[in-house]
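Everything on this sheet refers to the single structure shown next.
Quick note: the coordinates plus some simple rules give every number you see, no bench work behind them. As the structure is a prediction and not an experimental result, all values here were calculated from the model. In this analysis, Cβ positions are derived from the backbone assuming ideal geometry, glycine residues included, and neighbour counts consider all displayed protein chains.
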Amino acid sequence: MSASTHSQLGHLLETTSTLTQVASALATLVAVYAVRRYLSPSPLDAIPGPPSHSYLTGHFKNIMFSKDGTEFCQSITEDYGEVVKLKVLFGVCQTQLFPMHALVLIIAN
């Protein structure tokens, strides 16, 4: 094996090792976040809300891209009250305040 081939092989192994370390670090961060989220849920998880039909789009599709988005908001307000937990993209929870006077009261105080 020539010296340049040996050098190229060593460089390839170093690059692969670095990528493996980065991937391992990212996987560890994701795992720690998931375990932490599972073991210590947010107090906001107790807020009621409708079940979403899709993990990918959550309720986002119902509110933003449907003709009856206003009706959807009205129906969840009637069913769950003025403070509602909705799921947006990729299952992320979002707390919504309906109607606007509730939001004004919170911001004013």
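The table that follows gives values for the structure above.
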quantity	calculated
Net charge dipole size for region 16-97 [Lys, Arg +1 and Asp, Glu -1 on Cβ; Debye, nearest 20]	400
Protection proxy ranking, peptides 78-87, 22-31, average beta carbon neighbours within 10 Å, highest first	78-87, 22-31
Computed label-point distance, nm, for sites Leu39 and Val83 using a 7 Å Cα→Cβ extension	2.8
Burial ordering of Thr57, Thr20, fewest other beta-carbon atoms within 10 Å first	Thr20, Thr57
